[in-house]
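Down below is the structure, laid out as structure tokens.
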Amino acid sequence: MRKLTSEQISEQLKNLVGWSVKDGKLHKDFEFRDFIDAFGFMARAALHIEKMNHHPEWFNVYNKLSVDLMTHDAGGITQNDIDLAKILNSLV
């Protein structure tokens, strides 16, 4: 898996609602109605994440979830990160 260029990432971000690049990672803050909705989202996402074997950095407090995506082996953002961001957006 190859690291995407800044131009490739910028182009992909046009189709990724709510995502940005923060500290070299794809980043999005999700907000849900309550903890149950946030936890349910994480549980649904976990099934896709495990299939991809591509695990995000995420942090949850009550109804908020912050997600950071990058491919450590490639040293940056790859197509796997873009694909996972699309999946996460589709689950909301």
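Within segment 72-83, identify whether any single residue is in contact with a helix residue (DSSP H, G or I) (Cβ under 6 Å, 6 or more places away or on another chain) and free of Cβ contacts under 8 Å to residues at least 40 places away in the same chain, and answer yes or no.
Checked against the condition, which is being in contact with a helix residue (DSSP H, G or I) (Cβ under 6 Å, 6 or more places away or on another chain) and free of Cβ contacts under 8 Å to residues at least 40 places away in the same chain, segment 72-83 yields no hits at all.
What tally of residues in segment 6-64 results from selecting those that are among the hydroxyl-bearing types (Ser, Thr, Tyr), on the phi < 0 side of the Ramachandran plot and out of contact with any strand residue (DSSP E or B) (no Cβ under 6 Å at 6 or more places or on another chain)?
Qualifying residue count, segment 6-64: 2.
Just so you know, all these numbers are worked out from the coordinates, no wet-lab data involved. Computed from a prediction, not measured in an experiment: that's the story for all the values here. Here Cβ is always computed from backbone atoms with ideal geometry, including for glycine, and neighbour counts include all displayed protein chains.
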